[in-house]
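Colleague: Questions regarding the structure given below will be posed in turn.
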Amino acid sequence: MIKFAQAARIALGSIGSSKLRSALTTLGIVIGVAAVVINASLGASFNQFFADEVSSVGSNFIIAYSKQPNLFYDNELEIIENTPGITGISPRKMMSGELNYLSETKNVDIVGVEEEFREIQDLQMEEGSFLTDKDSYAAVLGYDMANEEFGRKISHRSTVEIAFRQEDGTVVKKDFKVKGILQDSKETIVGGDGSTDLLIFIPVSAMNEMAGEQDYGAFFAMANSPENVRQISDEVDERLARNFGIPDRDLEKEDVKPYEIFNQADILEQTEELGNALSSFLLVLALISLFVGSIGIMNIMLVTVTERTREIGIMKSIGYSRSNILSLFLLESVMVSFLGGTVGTAIGGSGAYTLENILKLPPVFPLALIEIGVLVSVFVGIIAGFYPARKAANMNPVDALRYE
């Protein structure tokens, strides 16, 4: 039986005798393994990014969103508030209005909420404080609204005029004291309100009073723990469905309900599915690269076997067995692939880190990727090298010695 050290020395000698060809053969594996590593790292980074984004806009949230006007009122607010496991709730209503400051008027998006909304959506203050249930005509401005929209800073002690147009065309104007300014944040509020930076928050009671309305557009609630979010959300769904006369058999039919409910757990699941779908697509491309690389190794190994036919004949004539020849050429294939896998893993790790910085993703590089890169390359080397090695092992020594 040929010793491993001897086989490795012979394989390295063969690889070193044709450095350019070996390098070109290795290139396919380098690209394939690098693609696999980049894909796996980016997939993990995207999943972490989505999870961070969802967590950054609130914890344990449950949102009931009205699909039609004049659906949600105080009765529905009480139904959700009295659901076991709900620790906080705020109605939310969004309207377009006008903001006047120092004789300059702009069309703006205004959100009517209550005190609990800040905690549910984890809004952070730059100046002042958020709304309380005792406030009537107070406002909290998004960072850009306070600092950029009017070309000058609106402090949290300023007074602004807000106007709404009622359904009959009547314009109602009121002065609002700016109570606070939100921190600069490009994150989007879950529920479709857009970035907080350009929003204005006022008490929903003041909004309804000025607009001449009593309904709400949505309810933002908080569950008592992440583990119970989905269960509590389902309970809220069942209670609202009964309230609107929807039979139990139609609870799973979203098109039957005049409202929509989603929660943090559902969004995290959806974003994870999105990340997995993206990873799967990239993985297919990486596997194609690996397949092309394996074909390259197989072709070069076949050429090597042909070129070394007489050498194979000599080996067999001096006592090398069929398994010795098979192991020798298989080891050469694995070494070429292993070299490509090692380089590919290093390049893939560097490439993933660079792309994650460019895309502003959290850098995630599981150490298992190093093992994956090496193991994949060894596996490819075995698969790609088996046929050429078997061909060499099955050669007739007499015919091999006669080969010119």
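None of the figures in this text is laboratory data; all of them are computed from the coordinates on show. Predicted model, so just to flag it, every value in this text is computed and none were measured. Please note: Cβ atoms are built from the backbone with ideal geometry, for glycine as well, and neighbour counts cover all protein chains shown.
Colleague: What whole number of Å gives the distance from the Cα centroid of the stretch 318-357 to the Cα centroid of the stretch 224-291?
Modeller: Between the Cα centre of the stretch 224-291 and that of the stretch 318-357, the gap is 43 Å.
Colleague: At 4 °C and 1.567 mPa s, grab the translational diffusion coefficient of the stretch 309-386 from Stokes-Einstein with a Kirkwood Rh over Cα pairs, rounded to a whole number in µm² per second.
Modeller: Rounded, D is 88 µm²/s.
Colleague: Let me ask you something else. Could you check which residue among Asn276, Asn75, Asn263 shows the biggest mean-square fluctuation in a GNM of the chain with a 10 Å Cα cutoff?
Modeller: The residue with the greatest mean-square fluctuation here is Asn75.
Colleague: Work out the P(r) tail for the stretch 94-135: percent of alpha carbon pairs separated by more than 17 Å, whole number.
Modeller: That fraction is 50 percent.
Colleague: Could you give the Stokes-Einstein D for the chain in µm² per second, using the C-alpha Kirkwood radius, 20 °C, 1.002 mPa s?
Modeller: This corresponds to a translational diffusion coefficient of 81 µm²/s.
Colleague: Something else: Could you give log10 I(q)/I(0) at q = 0.09, 0.20 Å⁻¹ for the stretch 61-224, computed by the Debye formula over C-alpha point scatterers of equal weight, without solvent?
Modeller: So the normalised log intensities work out to -0.28, -1.36.
Colleague: Next question, about the same structure. Where nothing but the Cβ of Lys and Arg (+1) and of Asp and Glu (-1) is charged, how large is the charge dipole of the stretch 211-294 around its Cα centre, in debye to the nearest 20?
Modeller: Dipole about the Cα centre, nearest 20: 200 debye.
Colleague: What residue among Glu81, Glu104, Glu209 shows peak mean-square fluctuation when the chain is described by a Gaussian network model with Cα springs under 10 Å?
Modeller: Glu104
Colleague: Let me ask something else. Looking at the chain as a GNM with Cα springs under 10 Å, which of Val204, Val140, Val256 has the largest mean-square fluctuation?
Modeller: With Cα springs under 10 Å in the chain, the top fluctuation among Val204, Val140, Val256 is at Val256.
Colleague: Here's a follow-up. Among Thr132, Gln68, Gly169, which residue has its Cα positioned farthest towards the positive end of the charge dipole of the stretch 61-224, with +1 placed on the Cβ of Lys and Arg, -1 on the Cβ of Asp and Glu, and the dipole taken about the Cα centre?
Modeller: Value: Gly169.
Colleague: Using only the Cα atoms of the stretch 251-374, build the gyration tensor, take square roots of its eigenvalues as a ≥ b ≥ c, and label the shape rounded, prolate or oblate: rounded if a/c is under 1.5, else prolate if a/b is larger than b/c, else oblate.
Modeller: Cα axes put the stretch 251-374 in the prolate bin.
Colleague: Can I ask one more? Across the stretch 199-216, in residue order, what do the Karplus-derived ³J(HN,Hα) couplings come to in whole Hz, using 6.51 cos²θ - 1.76 cosθ + 1.60 with θ = phi - 60° and x for Gly and Pro?
Modeller: In residue order, the calculated couplings are 9, 10, 10, 9, x, 5, 5, 5, 4, 5, 4, 5, 7, x, 10, 10, 8, 10 Hz.
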